[in-house]
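Read the structure below first, then the notes.
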Amino acid sequence: MRTQVAIVGAGPAGLLLGQLLHTAGIDNVIVERQNSAYVLGRIRAGVLEQTTLDLLDAAGVGHRAHAEGLPHDGIELLFEGRRHRIDLHALSGGKRVMVYGQTEVTRDLMEAREAAGLLTLYESSDVSLHGIDGTRPEVHFSRNGKREVLQCDFIAGCDGYHGISRQSVPEAALRTFERVYPFGWLGVLTDTPPVCDELIYANTPRGFALCSMRSKTRSRYYLQVPSEAKVDDWSDDAFWSELRLRLDPEARERLVTGPSIEKSIAPLRSFVAEPMRFGRLFLAGDAAHIVPPTGAKGLNLAASDVGFLFDAFTDHYRETSAAGIDHYSQRCLKRVWRAERFSWWFTSLMHRFPETGAFGQKIQEAELGYLVESRAASTSLAENYVGLPTGGPVRSTG
Ligand code: RFL
Ligand code: PHB
């Protein structure tokens, strides 16, 4: 088997890259470890930046996000028992975010890929990469009991944090940076109307809480829990009781509870691997970096990496320039580190840290007060939340 770009991983990064390349006439095959139902069953991100929507549009799959997504012009910060609105739209010069689930993005991309007749090799096991430092890289894998080889010009490693792409780079060529937080997020998805039209990020003495949504009838709530917490120890009733204790009186009153349709715990971590390119292997998305979910940046960063990689491959195949390939890692990492900084800062501001003590607590309170009272401080939050500039136009090939 041969293709131009072999993509490892059919998460949002891999699927988006595949679709963009297809619009530019660049042949690609995706090799994915799981089946499509498993990939669709992972409930993750909910907030899309305009840049991500632009890329979905460029890939020809943005129509459902525009029709069914919920544009959000603000977020609410809850602390010391009161809510304060951050007007993202006014403070960012007219930008907003879109609430549209990662599951839906993935579904739209999968459907478009299938309609275009592009090859996705689901349920491929023992995937390994070969010759990435030469000019003829290969992806080897087993499928239906047979060992297969996919020859290609380039490999896009879009296989997430636990994938094999990053692990295929020689250790000496990679530098990693990491911070693990001493807590996780317990998330619950329910078919109940959201407690508020906007997202509520709450800093409370009992820990952080987030009220989010997927639609006007489907809610997503999160609670900060200790790292060692187990999902099985959290009944639905226990979750709702704890969430109520972390809300303001009005929200507590309005909260509609119901049976959970999904419940899981995600550990929180910041992680970056540098560089994001090794020879003919390009890492994109969670394969190269992880942010704690507080700033809603993970999927958006994955999408902006893909935008840069798409630029690089189109320039290469049109023989216009090698600059995109040469500067891919540098271009991505500038944006990655800014999002890492924002996500780390917002996480530090909104969570209770076991080791902080009374001084740290007072500093957090002072910063929250400053944040909502100072236009400069809220502007900084707003411009990061809606998404920083990509540093170059996203190419659309129509
Ligand atoms: P993914 O989604 O992990 O997909 C990787 C794919 O690669 C496959 N794979 C392999 N395939 C072949 N061979 C192997 N050896 C393989 N190993 C793995 C996997 O099966 C999978 O299909 O990575 P990708 O595409 O880079 O996408 C990244 C996003 O999923 C992630 O950044 C976001 O979900 C993060 N995130 C959020 N991001 C946002 O932008 N906004 C949000 O509101 C937001 N909320 C969240 C989040 C992540 C969360 N969790 C659970 C970590 C909320 C949560 C709770
Ligand atoms: C979500 O809806 O899953 C969500 C929203 C905002 C975040 C993180 C997750 O910051």
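The values are calculated or read from the model by the stated rules, or taken from the named source; none is laboratory data. Here the structure is a predicted model, which is why all the values come from computation and not from measurement. Cβ: placed from backbone, ideal geometry, glycine included. Neighbour counts: every protein chain shown. Just the protein is used for accessible areas: all its heavy atoms, side chains included, with ligands, DNA and RNA removed. Shrake-Rupley method; radii C 1.70, N 1.55, O 1.52, S 1.80 Å.
Here are the numbers for this structure:
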quantity	calculated
Hey, Ser124 crowded, with 20+ Cβ neighbours inside 10 Å, of a type in the set (S, T, N, Q) and more than 16 Å from ligand 2 (Cβ to nearest atom) or not	yes
Subset of region 350-378 (residues that are under 20 Å from Gln224 (Cα atoms) and touching a residue at least 24 places away in the same chain (Cβ under 8 Å))	Met350, His351, Arg352, Phe353, Pro354, Glu355, Gln364, Glu365, Leu368
Failed item in (1) within 16 Å of ligand 2 (Cβ to nearest atom); (2) buried (at least 24 other Cβ atoms within 10 Å of the Cβ); (3) of a type in the set (A, V, I, L, M, F, W, C); (4) over 29 Å from Leu88 (Cα atoms), with Leu48 passing the rest	(4)
Filter pass, Leu55 being under 30 Å from Ser378 (Cα atoms), away from ligand 2 (no atom under 16 Å from the Cβ) and under 17 Å from the mean Cα position of the chain (by Cα)	yes
Unique residue being open to solvent by 10 Å² or more (accessible area, probe 1.4 Å), farther than 19 Å from Val8 by Cβ and within 17 Å of the chain's Cα centre (by Cα) when the list is Arg318, Arg331, Arg341	Arg341
Total residues in region 364-385, condition more than 19 Å from Arg96 (Cβ to Cβ) and either β-branched (Val, Ile, Thr) or outside any helix (DSSP H, G or I) (or both)	2
Filtered residues of region 282-329 (kept if without any contact (Cβ under 8 Å) to a residue 60 or more places away in the chain, farther than 22 Å from Pro389 by Cβ and hydroxyl-bearing (Ser, Thr, Tyr))	Thr320
Residue check, Arg352 within 16 Å of ligand 2 (Cβ to nearest atom), open to solvent by 40 Å² or more (accessible area, probe 1.4 Å) and among the charged types (D, E, K, R)	no
Pair list, Cβ under 9 Å, 6 or more apart: region 77-91 residue touching a residue at least 12 places away in the same chain (Cβ under 8 Å) and closer than 20 Å to Ile363 by Cβ, other residue in a strand (DSSP E or B) and open to solvent by 50 Å² or more (accessible area, probe 1.4 Å)	Leu77/Arg83; Leu77/Arg85
Pairs with Cβ under 9 Å, 6+ apart, first in region 167-183 and over 26 Å from His130 (Cα atoms), second among the acidic types (Asp, Glu) and open to solvent by 100 Å² or more (accessible area, probe 1.4 Å)	Pro182/Glu355
Subset of region 172-206 (residues that are open to solvent by less than 40 Å² (accessible area, probe 1.4 Å), part of a strand (DSSP E or B) and of a type in the set (A, V, I, L, M, F, W, C))	Phe183, Trp185, Leu186, Val188, Leu189, Leu199, Ile200, Ala202
Flag if His89 is over 21 Å from the mean Cα position of the chain (by Cα) and assigned to a strand (DSSP E or B)	no
Thr294 being modelled with pLDDT of 95 or more, buried (at least 19 other Cβ atoms within 10 Å of the Cβ) and either farther than 21 Å from Leu16 by Cβ or more than 12 Å from the chain's Cα centre (by Cα) (or both)	yes
Those helices (runs of 4 or more DSSP H) lying entirely in region 207-323 with at least 1 residues touching a Lys or Arg at 6+ places or on another chain (Cβ under 7 Å) and within 15 Å of ligand 1 (Cβ to nearest atom)	298-317
Helices (runs of 4 or more DSSP H) within region 11-75 that include 3 or more residues within 15 Å of ligand 1 (Cβ to nearest atom)	12-23, 36-41, 50-58
Residue within region 18-26 that is among the hydroxyl-bearing types (Ser, Thr, Tyr), open to solvent by 30 Å² or more (accessible area, probe 1.4 Å) and closer than 21 Å to Val139 by Cα present	no
